[in-house]
Amino acid sequence: MSGTGIGLREPPRPSPRAPAAPRWSPPPAPAQPRPDLQIPIPVLAGLATFCTALCLGNLFDGLRWWLAPVTGAIIVAGLAGELTRRVRALVVVMPLVYLVAGWLYVIPVATHGSPFSSKISLAPWGATWSALHSLASSGSIDIRALSVPVPQRPGFLFLTVAGVYLIAALVDAIAVALQRPAAAGLPLLALLAVPAAVVDRGVGLLAFLAACASYIALLLASGRRRLMSWAKLPPGSAAGIRRVTGSNGRRIGAVAVVTALFVALLIPRYGGIARQHRGGDGSGSATVIEPVVTLQQQLHSNVNQPLLTVHTATPEYLRLTALEHFDGVTFSLGSLTAGANAKVSRGLPAVAPGPTQRIQATVNVQPALHQRYLPVPYQPTKVDVRGDWRLASRNFTIFSAQTDTSSKQYTVTSQVADPTPESLRAESAGGSVPSDVAPSQELPADLPVKVNQLADHLTSGLLTEYDRAAAIQAYLRSPPFHYDLNGAPTGSDALSEFLFDSHRGYCEQFAGAMVVLARIAGIPARVAVGFTPGTQQADGSWVITNHDAHSWPELWFPQAGWVRFEPTPRDASTKPPGYTVPQPGSAPTATPTPSTSASQSASPTPGVLNPDHGTQSLAPVAGSSGSGKGGSGVVIDWLIGIAAAMVLLLTPALLRRQRRRRRLHAPTSGPAELWAEILDTAVDLGLPAAPNLSPRRLVQFWSRLPTGERTMPDISRATIMDIAYAQELDRYAGGATLRRDAAANLAEALQSLERSCPAQARWRAKLAPQSVLAGIVRWRSRLTRPTWLPRIPKIRRTAGSEQV
């Protein structure tokens, strides 16, 4: 084998292939930020008011009759505020816009269907004010009298809608116009405090959480926008701010809501909008509601609900209590007290001698009837009932401070008065009135004169108390009086309106009117509250429903005691007792009727009943207290209101003029006073007053602004510049002096400056000077800045100088 032997040849290595060019694909699109839902602040303010108003639900019986007009009031308040902001009206004009919008909405909506709707119009004069006053008075009476849940009442609806509208306007103005959402919680808190204070169940949990959530949303939205308005944010930072503020706000809101719920569990709730009375001997007390309150609510309820089942052979009225105190508008109960010796289990006092009828009854109370008074026929002599029930001897009321009537079953034996007309006539002569009966003779001092004249006319010539009482009952049961559950007058003049105008009402009006007329005639009288016998069932029992609630007068006679009368012409259930209707010819003196009185008076005489086509009217004598203000009184009130409004509107302008006169004409006025006058004038005209500019730089900035019709004259600018220079010297060096005519020249310069501004700015400076109003309310500068002025630019600092 030669030296050049055959060697193994390496296989050729494959040449590396060039990598294939990647296919081109477009870069992925940047992720679009999720759009942030921006709810306008006015909408959030209205939503917060609406959710807070939902907390009122436990106050009312029903939902639709109050929630729909309240929702409309919130919407109208928000639209009024938005209209004011859109037209860029003056801040001082906003209350007027709210007032006009509220008037145009509340008057037709909240007064529709009320007894005064025919007298109320959109024109704010004439009988409108008097009718609104009467409607508001009836609403205030409902607030004092009614217990929750409150049925639909015209006066209460009017006050509710007007009050919620006021709250909505305040929330809109504070949260949106003044940009103080935290302060807007104060009117919302006032609205929330009403059900929290007067409802035993307090505020509903869902409604409370909705109110809290809406208020927190308002705070968060306002805080975000204020935070993002501090500077121009780089792209993408707004979302970060919303995320941070949202998370922090949710934490704070959750802690606040949980704290509020926890604290609410520790604080006991008191009250009720009904009048409260305490009863007991110290071992226990109870808050009881005026019986007339329950009477009104039961009669006006749309549901006919059984309350009691009575097994008796002799059906009779069941009496709860009697009302003695009359304040000129309503009858009230007063306090009830009874010691341990007054328990009914220890026996009841005997009845007064006289003809009576013995009644035995077994009463089963349904769970729906919660009363602190025990319904029994009057006068009970024996009651077998479980629980601590005691007798208040003053008005013979059986009540309990420890329990109520719900689901109770008891038996009662009573001796019901059953006198004859002859016995009542004989017994009423020369009888003395005991001390415990004397309160049933009291009358208010301001009782209308015509009511006294009516009582005198009905009882003139009648010798006995019985005949006078029978005459009053016969008059109220005769035409033109009619039983009308929805036509009862309300307000401070309800008694006069019932007797002389409407002649319509239900048992409360008829019983109260007879008691007042009987007291005028010298007969002790009081209003009893309870139930009529009800409806007999197939098994012989009697079922009493809420529509059988009733009130009637009790009149006192010396030997017979308290005797029931019945002036209410309702139906067969309110038929008057036989002894209250004298037989023809049995009375010693005839009862004056409208027909006989017509023949006695040929011509109308002041203070005497004047029959006219079957109706009675009374012309009050001079000096008597009428049922309402006359036309002249309304005009005077209207003129006084206009004068007060003018004084209120012109007060800032007068203060501003006095301040300018003091600064310009005082002999001790220096650069500081004159410069303060320049700044106040600039603020009034809407010129920006930047705190980061020196006085001279500020004057230079004003001279460059497009201030309107003409530019500032050079002489005015020179005068203001001289004072600005003197102010700088006085501030930093001290001892600056002014020319003697500096104040006079400044007055001319300020007038020239005012003339160079638009007419709108000049009128605003005169009528609503912001320099004065700023000391009363901290107005937002952007609300008063005219739209024709640019914002104050930032100072750009260069080497050794500063530029505006």
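The values are calculated or read from the model by the stated rules, or taken from the named source; none is laboratory data. Small disclaimer: the values here were computed from a predicted structure and weren't measured. We place every Cβ from the backbone using ideal geometry, glycine too, and count neighbours over all the protein chains shown. Please note that ligands, DNA and RNA were not included when accessible areas were found on the heavy atoms of the full protein model with its side chains. Shrake-Rupley method; radii C 1.70, N 1.55, O 1.52, S 1.80 Å.
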- [ ] At least 1 residues that are open to solvent by 40 Å² or more (accessible area, probe 1.4 Å), of a type in the set (Val, Ile, Thr) and within 19 Å of THR309 (Cβ to Cβ) in each: list the strands (runs of 3 or more DSSP E) lying fully within the range 380-437 that qualify.
- [x] 409-417
TODO: Please find, within the range 438-449, the residue that is nearest to the chain's Cα centre (by Cα) out of those that are farther than 12 Å from ARG519 by Cβ and open to solvent by less than 90 Å² (accessible area, probe 1.4 Å).
DONE: PRO448
Open item on the list: Restricting to the range 366-395, count the residues that are more than 19 Å from THR532 (Cβ to Cβ), hydrophobic (A, V, I, L, M, F, W, C) and over 36 Å from the mean Cα position of the chain (by Cα).
Closed with: 4
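For (1) more than 30 Å from VAL303 (Cα to Cα); (2) surrounded by 24 or more Cβ atoms within 10 Å (Cβ to Cβ), each residue gets a yes or a no:
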residue: ARG477; (1), (2): no, no
residue: GLU497; (1), (2): no, no
residue: ASP501; (1), (2): yes, no
residue: GLN509; (1), (2): no, yes
residue: ALA518; (1), (2): yes, yes
residue: ARG526; (1), (2): no, yes
residue: THR545; (1), (2): no, no
Task: Residue pairs meeting the criteria (Cβ under 8 Å; at least 6 apart or on separate chains; first among the hydroxyl-bearing types (Ser, Thr, Tyr) and at pLDDT 85 or above, in the range 336-356; second surrounded by 11 or more Cβ atoms within 10 Å (Cβ to Cβ) and not in a loop (DSSP other than H, G, I, E, B)) - done: THR356/GLN415; THR356/VAL416; THR356/ALA417
Open item on the list: Being farther than 23 Å from GLU82 by Cα, at pLDDT 80 or above, exposed (fewer than 15 other Cβ atoms within 10 Å of the Cβ) and hydrophobic (A, V, I, L, M, F, W, C) narrows it down to one residue among ALA190, ALA207; which is it?
Closed with: ALA190
Open item on the list: Among the residues of the range 283-335, what is the count of those that are open to solvent by less than 40 Å² (accessible area, probe 1.4 Å), of a type in the set (Asp, Glu) and at pLDDT 70 or above?
Closed with: 2
Task: The listed residue being at pLDDT below 70, surrounded by 15 or more Cβ atoms within 10 Å (Cβ to Cβ) and under 53 Å from the mean Cα position of the chain (by Cα), out of LEU773, LEU753, LEU746, LEU789 - done: LEU789
Task: Residue satisfying condition, being closer than 20 Å to ALA417 by Cβ and of a type in the set (Lys, Arg), within set ARG526, ARG504 - done: ARG526
Task: Checklist (1) over 19 Å from LEU63 (Cβ atoms); (2) at pLDDT below 80; (3) surrounded by 18 or more Cβ atoms within 10 Å (Cβ to Cβ); (4) not polar (S, T, N, Q) applied to VAL171, failing item - done: (2)
TODO: Scan the range 660-672 for residues that are in a helix (DSSP H, G or I) and either touching a helix residue (DSSP H, G or I) at 6+ places or on another chain (Cβ under 7 Å) or modelled with pLDDT under 80 (or both) and jot them down.
DONE: ARG660, ARG663, LEU664, HIS665, PRO671, ALA672
